[in-house]
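The structure under discussion appears below in the form of structure tokens.
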Amino acid sequence: MGKKKKGKKKSPRKKQIRLASDSMAARADRYELYLQSVQAPDVDVKFFQRVYKSNFKQAAQSLREDFCGTAAVCCEWVGKRGEREAWGVDLDAEPLAWGQQFNLPLVPEPRRDLVHFVEGDVRTAKTPPADIITAQNFSYCCFKTRDELRNYFKVALGNLKKQGVFILDLFGGYESIEDEREDERDLKGFTYVWEQHKYDPINAFGIYKIHFRFDDRSEMKDAFVYDWRIWTIPEVREVLLEAGFDHVDVYWEDEDEDGEGTGQYSKQKYGTCDPAWNAYIVGVKTG
């Protein structure tokens with residue numbers, strides 16, 4: 001689980017941080033905060049279907065969400081109608097239990113059996129072949145060597161149907177590897193904080209953190225902490241092809257007349273040297 005948006009560098013706050021048990025931070029739910037600040041399952045599902053249709057001229061019916069956390073995307077995928085089915089795979093039982101308690105009830109009761117929560121390693125968990133597999137919020141960056149990454153990509157290829165797409169996201173740009181940088185985004189009732197704690201340029205390893213700050217000056221510090229290899233787009237493309245995908249596409253964020261990102265992504269062969277960017281990388285299995 002990771003970040004979606006970048007912002008301007010902010011200086012560390014000098015205000016005293018409240019740690020009292022009755023503070024807003026103590027009462028807050030980190031998974032709910034993450035859902036509000038990082039995820040947009042409805043946008044994700046629309047993008048996934050668009051990518052699949054562009055390759056195979058028909059709608060996808062089955063989704064596997066690796067590193068699914070609370071499986072919010074799975075629940076959105078199944079939705080209120082149609083025959084879509086989803087499997088969410090995560091090694092951590094806690095977010096899976098949260099998703100069953102809070103996200104699953106948002107799915108109409110007759111359709112809840114179409115959402116499957118699977119506790120296990122994404123490299124070994126058994127699920128039926130899917131039309132789409134996704135690993136979002138840079139979660140696969142926990143694999144720090146090409147061999148580990150290739151092994152996971154081979155497993156994903158094998159878990160797709162004869163025709164399918166494997167959708168990954170990635171971030172980069174020179175602002176993304178600055179040590180001790182904090183980017184803040186104000187939301188309703190709290191501030192989302194993305195901290196780039198430390199980057200090792202020799203190994204391309206980075207420690208990244210999410211904090212939440214509240215109007216009463218309390219803070220949920222280290223709500224989520226990530227230890228990643230910061231892969232580049234060419235590396236991920238090459239390893240996907242080595243793993244056996246037939247071709248790999250990159251979806252780059254569109255820009256408006258002022259050069260600002262629109263939140264819409266289109267297939268591109270070349271990108272711009274933005275200080276901070278997000279992109280999608282799609283491995284396609286054509287059968």
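The table below lists the values:
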| item | result |
| --- | --- |
| Per-selection metrics, segment 57-198 (Cα): Rg and Dmax in Å | 16.8, 49 |
| 222 nm mean residue ellipticity, helices alone, for the chain (DSSP H n ≥ 4; -39,500 (n - 2.57); rounded to 500) | -6500 deg cm²/dmol |
| Calculated FRET value between residue 121 and residue 227, using beta carbons and R₀ = 22 Å, to 0.05 | 0.85 |
| Kirkwood Rh, angstrom, segment 160-213 [1 / mean 1/r, Cα pairs] | 13.5 |
| Entries in 198/285; 57/144; 126/221; 126/285; 46/221 that, when Cα-Cα distance is taken, lie over 31 Å | 198/285; 57/144; 126/221; 46/221 |
| Space enclosed by the convex hull of the alpha-carbon atoms of the chain, per residue, Å³ | 139 |
| Karplus-derived 3J(HN,Hα), 6.51/-1.76/1.60, for each residue of segment 31-40, Hz, glycine and proline x | 6, 5, 4, 4, 4, 6, 9, 10, 8, 9 |
| Relative exposure of 174, 226, judged by other C-beta atoms within 10 Å (fewest first) | 174, 226 |
| Fewest-first ranking of 134, 262, using other Cβ atoms within 10 Å as the exposure measure | 262, 134 |
| Least to most buried among 211, 197 (fewest other Cβ within 10 Å first) | 197, 211 |
| DSSP beta bridges in the chain [antiparallel fraction, %, rounded to 5] | 70 |
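Only the coordinates and a few stated rules stand behind these numbers; no lab work does. Model, not experiment: these values are computed from the prediction. Quick reminder, even Gly has a Cβ in these numbers, built from the backbone with ideal geometry, and neighbours come from all protein chains shown.
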